[in-house]
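Let me begin by presenting the structure, written as structure tokens, before commenting on it.
The values are calculated or read from the model by the stated rules, or taken from the named source; none is laboratory data. Here the structure is a predicted model, which means the values were calculated and not measured. Cβ placement follows ideal geometry from the backbone for every residue including glycine, while neighbour counts extend to all protein chains displayed. When the accessible area is computed, the model is the full protein with side chains, heavy atoms only, and any ligands, DNA or RNA have been set aside. Shrake-Rupley method; radii C 1.70, N 1.55, O 1.52, S 1.80 Å.
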Amino acid sequence: MRFIRRLRETNKDYLKWAARLGALLAAVILASFGILLAAAKLAGPMDIPAAKPAVFYDDRQQPIGKWQGKSSQWISIDTMSSPIKMATLAVEDRRFFQHHGFDFRRIAGSAMVDLRSFSKAEGASTITMQYAKNLFLTNNRTWQRKAEEMFYTLRLEMNESKKDILEGYLNTIYYGEGAYGIEAAAKTYFNKNASDLTLAEASMLAGIPNAPSLYSPFLHYNQAKMRQKTVLEAMVESGFLTKKQAETVYSAPVRLVRGREKTAEEAPYFQDAVRQELTRLHFSQKELASGGLKVYTTLNPNAQQAAEYWVRKTLPANSGLETALIALDPKTGGVAAMIGGRDYQKSPYNRAISAERAPGSTFKPFLYYAALQNGFTPATLLKSMPTVFTFDNGKATYAPNNFGGYYANGPITMAQALALSDNIFAVKTHLAIGMGEMIQAARLAGITSPLEAVPSLALGSEPVSVLEMARGYATFANEGARINPQFITKVTDGQGRVLYEWHPEKKQVLNKQASFVLSQMMTGIFDSRLNGYTKVTGGTVANMLTHTLAAKTGSTPTDSWMTGFSPDLVSAVWVGYDKGETINTYPDGSYAKEIWSHFMESALDGTPKNLFTPPEGVIRVSIDPKSGLLASAQCPGRPTYFVKGTEPILHCSASQGHPDTKAKQPLRERSFLYRLFHWW
């Protein structure tokens with residue numbers, strides 16, 4: 001009995017301490033609330049910030065567009081349909097007109113539910129609290145943010161009418177799909193104004209803000225309908241609808257009509273790429289739609305205008321052909337111009353980034369770089385003639401054809417093979433050095449798409465994106481230094497504080513000397529001195545060019561490409577059909593060349609005509625294009641670059657096109673590859 005009495009006395013003491021502690025906590029809470037109340041009263045009315053979407057600027061700091069532009073569509077509450085106001089009040093805050101910013105009855109009920117479930121499942125935020133958070137706060141869950149939320153909530157309630165608070169809330173809440181505010185939401189999901197929303201439409205929209213990614217009817221229609229049912233039940237409980245009316249509304253069809261965006265005035269595909277990059281950099285939808293950010297980009301307006309002009313001027317109006325173009329600075333990776341299609345309004349699909357197509361012979365430079373690293377030189381000779389190749393340990397064969405059925409039926413140099421786009425030479429080289437060597441070179445240069453070690457890879461059979469090709473060629477233009485393509489240089493907030501800043505990075509991944517030698521081989525596609533059994537592939541546009549440029553053409557039955565560079569600018573152009581229709585050799589196959597050539601000349605206007613400077617370890621000699629030997633009085637030559645020590649030492653004999661046996665110089669031993677493949 002004594003033990004029980006002591007236990008009872010101890011419990012009484014604990015209860016007294018608990019009561020005192022509870023009273024103390026209550027006093028602290030009341031005092032804190034009183035301080036907040038006084039501070040809110042003294043602070044007076046707030047300057048409600050208008051929603052300011054992020055503004056995009058080009059590289060000259062001139063504005064080119066905004067983040068979607070949906071969030072700025074503020075409308076009066078009097079013009080909003082009654083159903084959206086009733087549905088929002090019912091599901092978000094049915095006692096909105098009875099409380100003063102904090103619904104203590106709801107807070108207590110929410111706390112009890114959370115205690116029973118040992119979780120934080122119930123929310124108790126009022127419309128005023130949510131509006132305060134939308135205007136002034138982030139989503140960070142800290143005690144400081146909660147205190148600020150209470151402070152701003154009190155200020156709103158003290159200085160704004162309930163009508164104004166509800167209007168502000170409905171104009172700033174996020175409804176998914178980039179839509180901030182009920183007007184933007186109505187246009188996004190139903191292509192109508194908020195004043196025209198029906199009860200069925202309004203009840204569906206009112207349910208989205210709770211979890212926009214989950215309840216978007218475009219993405220998850222069934223979940224959106226379930227949420228609509230919850231909203232309608234809340235409207236019944238609030239007295240806005242009868243149960244029968246709610247059932248009728250729920251069963252009524254809701255016709256979704258995706259609203260059509262106005263086309264961006266400048267570089268719309270580029271702006272879409274900027275939006276994707278901003279999301280990747282983890283800027284929130286709220287920051288971008290209403291935070292007044294300034295986004296500075298790499299877009300060069302002159303280059304962009306030139307790209308748009310030559311695409312429009314070159315492609316026939318009713319041909320159905322599509323195109324993509326990327327231009328970037330190889331020294332930094334900054335994208336100067338982008339075209340993702342002929343008409344953004346008809347198709348916002350960005351073919352420059354999202355599409356992958358077989359690049360054809362534009363992929364050969366990766367092969368020939370690998371060859372330069374494996375014993376080949378621009379003067380290496382291999383025979384070009386119809387050939388059936390055996391691979392996979394003799395289990396498979398491959399018989400490529402040259403375009404038009406033209407073959408040298410004899411030896412040609414690697415410089416000629418690239419300029420003439422000889423497929424036999426390419427596949428022989430690919431198999432000779434090992435198919436993995438080309439893949440490794442492409443990977444190092446910046447190609448990330450899947451590549452299969454098959455003979456046809458030498459001819460560009462594996463699909464890649466236009467952006468990848470531009471990046472890969474930029475590595476050659478950079479003498480082997482790889483960059484990362486970039487669209488954004490800096491992001492600042494409304495006060496000018498830097499939130500993100502780009503610092504270009506380069507990584508030396510390829511041999512500097514071999515990269516330069518390759519680039520000079522690639523200038524040969526415009527040089528008629530390399531003509532052999534057929535014309536050089538860039539011959540038809542050579543007269544358009546005044547600058548020295550390195551490039552490669554490419555074609556497949558469905559694709560036409562031209563990719564190339566100067567040391568200051570890289571561009572890649574693709575032309576073809578979206579559905580893989582066969583292109584006509586003429587004129588469809590020439591459009592990519594024309595667009596590329598005119599664009600490069602326009603973009604490089606006013607710059608030096610030849611910016612290529614050989615690095616140390618590279619030598620230039622005059623070579624007879626046919627024999628690959630040093631030019632002589634009998635054999636006119638073409639200036640050709642070699643990695644020092646790999647240049648020919650024998651002179652051409654005009655009578656036979658073979659080494660001059662009377663030449664008074666030591667005979668350098670030919671490489672094993674040369675002796676092995678000279679006859680092949």
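Given labels modelled 7 Å from the Cα in the Cβ direction, how far is it in nm from ASN210 to TRP17?
Distance between label points: 4.3 nm.
Give the span of region 163-299's Cα atoms along each principal axis, as three whole-Å numbers ordered largest to smallest.
Principal-axis extents of region 163-299 (Cα, largest first): 58, 30, 25 Å.
Quick check on packing: order 232-241, 491-500, 125-134 by the mean number of other C-beta atoms within 10 Å, highest mean leading.
Working: 232-241: 19.1, 491-500: 12.6, 125-134: 23.0.
Ranked by mean Cβ neighbours within 10 Å, highest first: 125-134, 232-241, 491-500.
Hey, with R₀ at 51 Å, roughly what FRET efficiency would ARG60 and LYS162 work out to, going by the Cβ-Cβ distance, to 0.05? The partial results should precede the final answer.
Working: r = 47 Å, r/R0 = 0.93.
Given R0 = 51 Å and the Cβ-Cβ separation, E is 0.60.
Among residues other than ILE619 whose Cβ falls under 12 Å from its Cβ, what is the net charge (Lys/Arg +1, Asp/Glu -1)? It would help to have the intermediate numbers written out before the result.
Working: positive: ARG620, LYS644; negative: GLU616, GLU647.
Local net charge: 0.
For an R0 of 30 angstrom, estimate the FRET efficiency from the Cβ-Cβ distance between ASN302 and THR585 and round to the nearest 0.05.
0.35
Multiply the residue gap between ASP605 and HIS282 by 0.36 nm, knock off their C-alpha separation, and tell me the result in nm, one decimal place. Intermediate values should be presented prior to the final figure.
Values: separation 323, 0.36 × 323 = 116.28 nm, distance 3.80 nm.
Result: 112.5 nm gained on full extension.
Ordered by packing density, taken as the mean number of other Cβ atoms within 10 Å over each peptide's residues, highest first, how do 551-563, 412-424 rank?
Numbers: 551-563: 24.3, 412-424: 26.2.
Order by mean packing, descending: 412-424, 551-563.
Count the net charge of all other residues whose Cβ sits under 10 Å from the Cβ of LYS490, scoring Lys and Arg as +1 and Asp and Glu as -1.
Values: positive: LYS294; negative: GLU501.
After counting each charged neighbour, the total is 0.
Want the number for THR387 to MET544: 0.36 nm per residue separation, take away the alpha-carbon distance, what's left?
In short, 52.9 nm is gained.
Percent of accessible area on region 394-458 owned by carbon and sulfur, 1.4 Å probe?
51
Could you order the peptides 611-622, 304-315 from most to least packed, using the average number of other C-beta atoms within 10 Å per residue? Numbers along the way, then the final one.
Numbers: 611-622: 13.9, 304-315: 19.2.
Packing proxy ranking, top to bottom: 304-315, 611-622.
Looking at this model, which pairs from LYS428/LYS512; LYS579/LYS609; LYS52/LYS163; LYS66/LYS133; LYS52/LYS85; LYS313/LYS507 are more than 29 angstrom apart at the alpha-carbon? Could the numbers behind the result be given before it?
On the way: LYS428/LYS512 25 Å; LYS579/LYS609 39 Å; LYS52/LYS163 22 Å; LYS66/LYS133 23 Å; LYS52/LYS85 24 Å; LYS313/LYS507 38 Å.
Cα-Cα > 29 Å for LYS579/LYS609; LYS313/LYS507; rest within.
Quote to one decimal, in nm, the extra length available between TYR309 and ASN484 on full extension: 0.36 nm per residue of separation minus the C-alpha distance between them.
60.3 nm
How far apart, in nm, are two points set 7 Å out from the Cα along the Cα-to-Cβ line at THR242 and at PHE403?
7.7
How far apart, in nm, are two points set 7 Å out from the Cα along the Cα-to-Cβ line at ARG497 and at TYR577?
5.5
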